[in-house]
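Here's the structure we're looking at; comments come further down.
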Amino acid sequence: MSRPRLLVLSLGGTITMTASAAGGITPTLGAADLVAAVPGLEAVAEIEARSPLKVGSVSLTPENIAEVAQDIRTAFNAGFDGAVVIQGTDTIEETAFILDLLVRDERPVVVTGAMRGAQQPGADGPANLLSAALVAASDAARGLGTLVVLNDEIHAARFARKAHTALASAFISDTGGPLGLVAEGRARILARVVPPAMPALAAAPGALPPVALIKIAMGDDGRLLRAVPDLGFAGLVIEGAGAGHVPGAIAGAVGEVAARLPVLLASRTLAGPAFERTYGYPGSEIDLIGRGVIPAGLLNGLKARLLLAFALRAGWEPETIRAAIAAYG
């Protein structure tokens with residue numbers, strides 16, 4: 001029986017970093033180096049390794065990841081059975097969500113990285129890469145969209161979030177929990193997510209419309225909110241307190257901005273949906289929705305921002321955006 005074919009793309013990140021003469025660790029290793037360092041990986045799949053970038057993941061852009069999505073789509077058209085994207089953990093949740101939006105295919109796409117550099121004691125990169133390859137090559141992972149695999153846990157892109165700066169167990173899944181785990185050399189899927197019923201988003205080249213992200217804090221006076229339209233932003237995502245609330249004193253400012261550009265309302269809390277019909281005081285979700293704001297459902301601010309940016313580039317109307325958000329709920 002032939003082995004699955006996997007495309008492995010490395011973008012940099014801690015997993016690729018070694019000691020620098022100037023101090024600290026920096027990205028130096030490529031995909032081929034990482035693959036060669038994992039015993040037994042050759043038995044999992046036939047691998048084609050490429051290194052489009054070598055950067056810290058905070059320097060990646062959505063446009064970079066759109067190009068990665070196009071590379072994966074091209075590979076799938078050429079008969080590859082799955083893909084693994086390697087990068088830094090700082091922005092894995094954003095990369096995974098973009099790929100979930102842009103690569104609409106049954107075949108698994110898995111994003112992985114490491115919390116420790118390649119030369120550090122207990123380096124977790126090789127184990128994470130092996131687990132990621134096992135998931136990407138698994139029939140059980142088909143139809144789940146893009147996945148995040150670290151620390152032997154399998155997370156759906158829509159729920160995955162980095163929740164710690166240091167631990168190897170840094171990644172969690174908000175609200176839904178992990179979909180499964182890797183044990184005894186195979187992917188064990190314990191739960192499945194429903195593919196989002198939404199129009200396809202083209203992975204076209206070019207810059208995305210800029211979308212601002214603002215987290216609301218106690219005593220916020222709204223000056224950042226009011227400035228957003230005149231700074232050239234095409235959209236805004238607000239991370240409201242609790243279920244999606246802002247101080248009553250700035251609710252009017254939110255409405256003024258929503259009259260000029262699309263505004264999504266997410267929650268700044270760590271899990272759960274933005275509400276739509278429970279609280280009715282000034283600055284509550286009912287009040288803000290009445291002022292033209294679109295609730296972001298289960299999407300956090302980071303992911304709502306990305307969906308809105310790609311939707312605006314695609315020319316989607318507000319009702320299509322609402323339907324797409326509902327699909328991720």
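Residues of segment 307-319 that are surrounded by fewer than 22 Cβ atoms within 10 Å (Cβ to Cβ) and under 17 Å from the mean Cα position of the chain (by Cα): 309 alone.
Filtered by the rule that a residue be touching a Pro at 6+ places or on another chain (Cβ under 7 Å), under 21 Å from residue 166 (Cα atoms) and in a strand (DSSP E or B), segment 3-57 gives 12, 17, 55.
Residues of segment 100-109 that are assigned to a helix (DSSP H, G or I) and either among the charged types (D, E, K, R) or more than 14 Å from residue 74 (Cβ to Cβ) (or both): 100, 101.
For residue 213, the conditions (1) assigned to a strand (DSSP E or B); (2) open to solvent by less than 40 Å² (accessible area, probe 1.4 Å); (3) hydrophobic (A, V, I, L, M, F, W, C); (4) more than 18 Å from residue 110 (Cβ to Cβ) are fulfilled apart from (2). For segment 139-151, which positions are crowded, with 23+ Cβ neighbours inside 10 Å and either of a type in the set (Val, Ile, Thr) or out of contact with any Asp or Glu (no Cβ under 6 Å at 6 or more places or on another chain) (or both)? Listed by number, the residues that qualify are 141, 144, 146, 147, 148, 149, 150. Here is the figure for segment 186-197: residues that are in a loop (DSSP other than H, G, I, E, B) and modelled with pLDDT of 95 or more total 3. Looking only at residues of segment 262-298 that are among the small types (Gly, Ala, Ser), within 19 Å of the chain's Cα centre (by Cα) and on the phi < 0 side of the Ramachandran plot, we find that the one that is surrounded by the most Cβ atoms within 10 Å (Cβ to Cβ) is 274. If you check residue 99 against the conditions, is it of a type outside the set (Phe, Trp, Tyr) and crowded, with 24+ Cβ neighbours inside 10 Å? Here the answer is yes, as residue 99 does meet what is asked.
Here residue 202 meets the list (1) assigned to a loop (DSSP other than H, G, I, E, B); (2) farther than 25 Å from residue 67 by Cα almost entirely, failing just condition (2).
Of the residues making up segment 181-210, those that are touching a residue at least 40 places away in the same chain (Cβ under 8 Å) and not hydrophobic (A, V, I, L, M, F, W, C) are 185, 186, 188, 192, 195, 196, 199, 205, 206, 209, 210.
For segment 3-24, the tally of residues that are more than 23 Å from residue 65 (Cβ to Cβ) and either of a type in the set (A, V, I, L, M, F, W, C) or in contact (Cβ under 8 Å) with a residue 12 or more places away in the chain (or both) stands at 6.
Taking the condition of being under 23 Å from residue 134 (Cα atoms), more than 24 Å from the chain's Cα centre (by Cα) and buried (at least 16 other Cβ atoms within 10 Å of the Cβ), how many residues in segment 25-46 meet it?
Qualifying residue count for the region: 4.
Going residue by residue through segment 225-247, is there one that turns out to be farther than 22 Å from residue 317 by Cα, free of Cβ contacts under 8 Å to residues at least 12 places away in the same chain and either open to solvent by 40 Å² or more (accessible area, probe 1.4 Å) or not basic (Lys, Arg) (or both)? For segment 225-247, residues farther than 22 Å from residue 317 by Cα, free of Cβ contacts under 8 Å to residues at least 12 places away in the same chain and either open to solvent by 40 Å² or more (accessible area, probe 1.4 Å) or not basic (Lys, Arg) (or both): present.
The values are calculated or read from the model by the stated rules, or taken from the named source; none is laboratory data. Quantities reported herein were computed from a predicted structural model and do not represent experimental measurements. Here the Cβ is made from the backbone with ideal geometry for all residues, glycine too, and neighbour counts use every protein chain on show. Accessible surface is based on the protein model in full, side chains and every heavy atom, while ligands, DNA and RNA are left aside. Shrake-Rupley method; radii C 1.70, N 1.55, O 1.52, S 1.80 Å.
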